[in-house]
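Peer 1: Provided herewith is a single structure, encoded as structure tokens, for subsequent inquiry.
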Amino acid sequence: MAEQVISLQVNGAEHRILTADHRTLLEVLREDMAMVGTKHGCDLGECGACTVLLDGRPVLACLVLAVQVDGRTITTIEGMAEDGTPHPLQTAFSEKGAAQCGYCTPAMLLTARALLDEVQAPDPDDIRQALAGNLCRCTGYNKIIEAVEAVAGAQD
Amino acid sequence: MGTGHNVLGRALPRVDSMEQVTGATRFADDLTLPGTLVGRQLLSTHPHAVIAGIDTSRAEALDGVRAVITGSDLPITYGILPVSQDENTLAIDRVRYVGEPVAAVAADDAEIAERALSLIKVDYEPLEEVVDLEQGLSEDRPLIHGEGTGRNVHRSVALEFGDVDEGFGVADHIREDVFHYSGNTHAALETHCALASYDAVGKLTLWSSTQVPHYLHRSLERVLELPAGRIRVVATPNGGGFGGKTEPFSHEFAAAKLSMLTGRPVRINLSREEVFYAHRGRHPVLMWVRTGFAADGRITAMHFRSFLDGGAYSSYGIVSMYYTGALQTATYQIPNYRFEGVRVFTNKPACGPKRGHGTPQPRFALECQLDRAAADLGMEPVGIRLVNAVEPDSLTVNHLRITSCGLSECIVEVAGASDFTARHGRLPHGHGMGLAVGAYMSGAGLPIYWNDMPQSEVQVKVDRGGGVTVYSMATDVGQGSTTMLATVVAELLGLQPSDLAMVTADTDLTPVDLGSYSSRVTFMAGNAAVEATGKVRDRVVRAVAEKLEANPADLVLADGRVSVAGDPATGSDWAEAVRMAIATEGPLIESGSYRAPELAGPYKGSGVGISPAYSYSACVVLVECDAQTGMVAVERVWLAHDVGRSINSLLVEGQIEGGVYMGLGEALFEEQAFRGGLHRGPSLLDYKIPTILEMPPVEFIIVESIDPGGPFGAKEVGQGPLLPVVPAIANAVHDALGVYVDEVPITPDRVVAALRDLARGGSGRFGPESVPDFDFGTPVRVEPPEGFVAP
Amino acid sequence: MTMRLPNFEYVAPATVDEAARLLSDPGRSSLIVGGGTDLFPKIKRRQAAPTTLVSLSGVDEMRGVRFDSAGNCVIGASTLLADLAVSHQVPPVMAIAAASIASPQIRNTATVGGNLCLDTRCNYIDMPETWREASGHCLKDGGEVCWVAPRGNRCWAINSSDLAPVAVALEGSVRLTSVHGERLIPVEDLYHDDGIACHTKSFEEILVELLLPSGGTRATYRKLRRRGSIDFPLLGVAASARFDEAGTCVSARMVIGAAAPAPVRATEAEEFLIGRQFTDEVIGEAAGIASGPVRPQDNTDTGSRYRKWMVPVLVGRALSDLVADDG
């Protein structure tokens, strides 16, 4: 079995991991690093539930090999709060009712964060386009848009 | 605040939301126990076949395989309804659909488990398959349950309330229409997962994403032949349920059995494909409805026939069938009503309950037909609904007891907010508006298995520091039941919901609640919580009143204090008050319960549809249709919902919006479709649940009718708001394009087919032409209830 | 996580030459991987079982957009679709097509080369393993029969690339490199009208870059799909044309995607348009001509009849785009 030692910057910390080539980033995060905040809904890139940030951009951890991202920077939901202070998006999702069952929430938050990091004042259409790869089965999305808008407005 | 309430009705966050947004919520697949084995199931690749033999020897011999089981290892059948226990954990002798589990393995890792499955050899002898309604009703096909050939009728019903022939006799106008509602599925984002651990002293614990830990507990006891006291079921937070996790599933028993055999924890997490096969989603229903109207639009009689394609097993099917006829009368005054229904078995995954259970299909038929009747009679959609709308404190011809009812208010409000009457029929080609209504139960009136115990029990325990812990088996599937309970308790004790500790959904720790289905939790667990908390409150008030030498009736609990009304400085803070209560009367642990009143009518089947209260909704949608591509975009939705009383407006809005979303998906996108016995696409790419780009803004109007039986007057909101969305969209598409698509989902190919028919001079209709000729037998005549007033 | 990848070796060479050498190593059964968003689901569903994946992500020279001395816009095959979608250097229609592909997350890993070399798709093969066993393995899946057209002996899986029809409409070409040398071929010639042997590129060849000639062409891409995101096209129409000062068409290309195993050139309709002005009548007639040879099969969502109906609709809209004020 082909294996490699790789180095991942996950949520600001350096991790050196021995992993088989064929394992996905999703498997390594959840199984080797106990970061189970990253979810899985289809394993085939069709639902967005496993979204993490790779060098700040949202990608699907179920379709990325861990060895493919050797040396790169990864942000998961566990790294979204800083020094125990929730990210404003986390607070807004809570206050606006943007999470119901909470299963798509980590991916949704990370995707929204990537948008806000990139675009100063996204309009609702920017928000929709950015979140168009994240399926949510509970909320009907509108409260998610409201939460992102609220934070976008505040950082404006 | 001015409402006279501490926290009731406010838009407070869910009590578990910070865990959710930090990724700390632990779903079933997020739990880890040392030494956990990977469980996997082998699926049938035949829709209908005899299992001539299974050879597991090569799988068993594989290094790293710890156990392999087949049907004979778990011979006891199960099924959610006591009358239809027709499922085995793993198929015995026969497979009845593609995807049915036939064997299960537990192995050291996923790769070994997969390898082991490939080494199991199953000898199938294919049988002729039965894959649709027509084949199900054929005399010549093999019986799916039983030997030989014959009609695969699971159950049929024929009921008549009042005198339907007489009702049609006095009608000025009669319409007959045929509709088809395709099957669809829940597609919760979390795939079902169970983790079983059978420990050294013989106790089994099962963590599972189930909506019904109590029913699962009972089923495990039977199937595994273990005493209830040696089984603990913990319902983990469900990553979405919608009815899809509302009965015991094969993988739950298999994981448990494999753990018992190996002495190690075993996890089975279904793949997305397996979830499509586990299904239990919306039944495809073919419907024929004949309705008589007086010239003023009043319904004089209705004859409704429904044909359900049930799939291979019973699931909730008998109940689903009854539901397709039960709630027509909950919205409209129908003086004479005949309902005939039949459910057939087919070689496909079993259908069951999905949000709205059995009622979105007839609601679609009824609301579409009503619009056409209005046009026939020269009436407006609003007018014909208002003239027929059910009144509060009334009885229906089929013995439903209506208490609070905000239906007319919902219609008026939603039509007003959307300017419906001025815009309907007057928008440019391609733009349209549609209206529809719905009603749903606030909990099924009867439990699933007959018993005269409470349907919900809640305990409230207060410690000496004032900490309050609420114990309830109510299961949060995302709808916010835990927050609802916390809000009810906090309201009564003058605390904040976030102050409370909530212990839920654990058969070892919490008193019984029947589960998160039939929109029962707010009404039933809410009432149980009110009772339990009321006892706690009374004791604390008594102790403080004694100290203050005040009249207990003058005391209020607010902002963490127990004091004389209007004088917060008096009295005690909450913790001190609690200590006084414990000192005077002992441990501060109280319980409450709820049991629905006796509501069943005098006929078989009357247990379905009865509820202590009904919610009401009305919906208007605005659509834009592309007259060339047939693509339908919903631009805006207005939805008014009578929730009785809003306990938490944020959650109420969330349920409304989520219901609109799911209705939108059913109306335009989603179909659990088959080619023969094979699912057309068991994936989230092929099964099209709407993305954020398809979701329109929703304007909601919360109507509070204050139900006399509900906790603080509250009723349900989890399922009702979905119901009117589907027909409202269908009616709007007609308004936009002049075509009738009498089959959901209203896909672009169906719209274009209807448009082409219209262009060729046809009626512009796409949909089924007729229903099968099926003999339902002579209907059972049921007299309307005493006190029933025909309109 | 129930769908896992099987064991394989992953290598990420730093140069095209090294990658080419690895691909021609007879000791390996290698596949090229770009972003992996097409390949990994297929491997997870056990539609392919490579022993080695040769990644191109470590090849710096294959990323980004530049212009060559002839004025061609040269797009490196490892350029991410997300970067293409916001590029101001590429023809706008290319960016628009890229922005319409799959989902934002997928565009952040998927590459231009990967989309151009997308394997053909069909709802009899892009299914889980159990499903395919139940259905009976189809022609493309090692079986004997194409379930879409069981009487024939060919595979009808669909080319669902969005970039392919656009690149053909823009008269693009691709540079292919292998240990045997290098060749530059028109994009059109990259595809073969067969669902199995759908690319003319050999397994040893690496698609290094896409070259788009510069200037003078108006172009558009119309895509039909059920949802505004995630979905593959039900149909895609790319069109380009040049006009003289009087508004008469001097050259035209019309390419229909997602209808057949290869992008379909509507050559008859192209010829019809030359020398004509795009009036509504001309557009209508051209749309009719264009749809003649297009015969979608019942192997994706919504069925063949509807997709056939939609060909003239989309072609008409695309042609109208070319003469719209903002076209």
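The values are calculated or read from the model by the stated rules, or taken from the named source; none is laboratory data. If you're wondering where the values come from, they're calculated on a predicted model, not measured in any experiment. Counting neighbours? That spans all protein chains shown, and the Cβs are built from the backbone with ideal geometry, glycine included. These area figures cover heavy atoms from the full protein model, side chains too; ligands, DNA and RNA do not enter into them. Shrake-Rupley method; radii C 1.70, N 1.55, O 1.52, S 1.80 Å.
Peer 1: Cross-link candidates for C:K308: which aspartates and glutamates have Cα within less than 13 Å, leaving aside residues fewer than 8 places away along the same chain?
Peer 2: List returned: B:D749, C:D298.
Peer 1: Now for a separate question. Give me P(r) over the protein assembly as shown, computed from all C-alpha to C-alpha distances, binned every 10 Å, as integer percentages.
Peer 2: Computed distribution, short to long bins: 2, 9, 17, 22, 21, 16, 8, 3, 1, 0, 0.
Peer 1: How far is helix C:280-291 tilted, in degrees, relative to the longest principal axis of the Cα atoms in chain C, given as a value from 0 to 90 rounded to the nearest 10?
Peer 2: Value to nearest ten degrees: 30.
Peer 1: In deg cm²/dmol, rounded to 500, what helix-only [θ] at 222 nm does chain C give when every DSSP H run of at least 4 residues adds -39500 (n - 2.57) and the total is split over its residues?
Peer 2: Taking each H run of at least 4 residues, the total per residue is -7500 deg cm²/dmol.
Peer 1: Which value, in debye to the nearest 20, describes the size of the charge dipole of chain B about its Cα centre when Lys and Arg Cβ atoms bear +1, Asp and Glu Cβ atoms bear -1, and nothing else is charged? Let's see the in-between values first.
Peer 2: Numbers: 63 positive and 98 negative charges, 154 e Å.
Dipole magnitude for chain B comes out near 740 debye.
Peer 1: Which angle from 0 to 90°, rounded to the nearest 10, does the C-alpha axis of helix A:105-118 make with the longest principal axis of chain A?
Peer 2: Relative to chain A, helix A:105-118 is tipped by roughly 80 degrees.
Peer 1: Which lysines does B:K535 reach when only Cα atoms under 30 Å apart count, and residues fewer than 8 places away in its own chain are ignored?
Peer 2: Qualifying lysines at Cα under 30 Å: B:K461, B:K547, B:K715.
Peer 1: Per-residue ellipticity at 222 nm for chain B, helices alone: DSSP H runs ≥ 4 residues times -39500 (n - 2.57), over residue total, nearest 500 deg cm²/dmol?
Peer 2: Per the formula, -8000 deg cm²/dmol.
Peer 1: Please go through region B:700-777 and write out the GluC sites (Glu not before Pro) that DSSP classes as loop and that have at most 12 other C-beta atoms within 10 Å. Each step should come with its number before you reach the end.
Peer 2: On the way: sites: B:E704, B:E716, B:E743, B:E769; in loops: B:E704, B:E716, B:E769.
Within region B:700-777, the qualifying GluC sites (Glu not before Pro) (loop, at most 12 other Cβ atoms within 10 Å) are B:E769.
Peer 1: Leaving ligands and nucleic acids out of the surface, order C:D83, B:D626 by accessible area at 1.4 Å, largest first. Walk me through the numbers before you get to the answer.
Peer 2: On the way: C:D83 65, B:D626 40 Å².
Solvent-accessible surface, decreasing: C:D83, B:D626.
Peer 1: Does chain C come out rounded, prolate or oblate, given a ≥ b ≥ c as the square roots of the eigenvalues of its C-alpha gyration tensor, rounded meaning a/c under 1.5 and, failing that, prolate meaning a/b above b/c? Don't jump to the answer; show the numbers that get you there.
Peer 2: Numbers: a/c = 1.98, a/b = 1.28, b/c = 1.55.
Judged from the Cα gyration tensor, chain C comes out oblate (a/c at least 1.5, b/c at or above a/b).
Peer 1: While we're here: At what distance in angstrom do the alpha carbon centres of region B:671-709 and region B:517-537 lie from each other?
Peer 2: 29
Peer 1: With only Lys, Arg, Asp and Glu charged, each at its Cβ (+1 for the first two, -1 for the last two), find how big the charge dipole of region B:516-611 is about the Cα centre; round to the nearest 20 debye. Don't jump to the answer; show the numbers that get you there.
Peer 2: Details: 10 positive and 12 negative charges, 108 e Å.
With only Lys, Arg, Asp and Glu charged at Cβ, the dipole is about 520 debye.
Peer 1: What are the trypsin sites (Lys or Arg not before Pro) within region B:9-72 that DSSP puts in a loop, where the Cβ has at most 15 other Cβ atoms within 10 Å?
Peer 2: Numbers: sites: B:R10, B:R14, B:R26, B:R40, B:R58, B:R66; in loops: B:R10, B:R14, B:R26.
Answer in residue order: B:R26.
Peer 1: Give the residue list of trypsin sites (Lys or Arg not before Pro) in region B:756-785 that are DSSP loop and have at most 10 other beta-carbon atoms within 10 angstrom.
Peer 2: Details: sites: B:R756, B:R760, B:R765, B:R781; in loops: B:R760.
Qualifying residues, ordered by number: B:R760.
Peer 1: If you add up the charges near B:G240, with Lys and Arg at +1 and Asp and Glu at -1, over every other residue whose beta carbon is less than 14 angstrom from its beta carbon, what do you get? Mind dumping the intermediate values first?
Peer 2: On the way: positive: A:K39, A:R137, B:K245, B:R272, B:R280, B:K354, B:R355; negative: B:D29, B:E190, B:D476.
Neighbourhood net charge equals +4.
Peer 1: Can you find, among B:F420, B:Y181, B:N648, the residue farthest towards the positive end of the dipole of chain B? Put +1 on the C-beta of Lys and Arg, -1 on that of Asp and Glu.
Peer 2: The one lying farthest along the dipole's positive direction is B:N648.
Peer 1: Now for a separate question. Helix by helix, which DSSP H runs in chain B go 30 Å or more along their axis at the Cα atoms and have an average Kyte-Doolittle hydropathy of 1.0 or more? The partial results should precede the final answer.
Peer 2: Working: long enough: B:521-548 (38 Å, 0.25).
Qualifying helices, which must be both long enough and hydrophobic enough, do not occur.
Peer 1: Given B:V751, B:L514, A:Y103, which one lies farthest toward the positive end of the charge dipole of the protein assembly as shown, if we put +1 on the Cβ of every Lys and Arg and -1 on the Cβ of every Asp and Glu?
Peer 2: Checking the options against the dipole of the protein assembly as shown, the answer is B:L514.
Peer 1: What list of ³J(HN,Hα) values in whole Hz, one per residue of region B:335-345 in order, does the Karplus curve 6.51 cos²θ - 1.76 cosθ + 1.60 (θ = phi - 60°) give from phi, with Gly and Pro shown as x?
Peer 2: Taking θ as phi minus 60°, the curve returns x, 9, 9, 10, 10, 10, x, 8, 10, 10, 7 Hz for region B:335-345.
Peer 1: Any idea what the dipole of region C:26-102 comes to, in debye rounded to 20, about its Cα centre with Lys/Arg Cβ at +1 and Asp/Glu Cβ at -1?
Peer 2: 480
Peer 1: Another question about this same structure. Can you return the lysines within cross-link range of B:K203? Criterion is Cα-Cα under 25 Å, with same-chain partners fewer than 8 residues away left out.
Peer 2: Here the lysines satisfying the reach criterion relative to B:K203 are B:K245, B:K257.
Peer 1: For region B:75-211, with the dipole built from +1 on Lys and Arg beta-carbon atoms and -1 on Asp and Glu ones, taken about the Cα centre, which of B:S156, B:I80, B:V131 lies farthest toward the positive end?
Peer 2: The residue sitting farthest along the positive end of the dipole is B:I80.
Peer 1: In degrees between 0 and 90, to the nearest 10, how far off the longest principal axis of chain C does helix C:303-323 point, with axes built from Cα atoms?
Peer 2: It works out to around 50 degrees.
Peer 1: Just to be sure I understand the model, the point goes 7 Å from the Cα along the line to the Cβ. What's the resulting B:E134 to C:D68 distance in nm?
Peer 2: Spacing of the two 7 Å Cα→Cβ label points: 5.9 nm.
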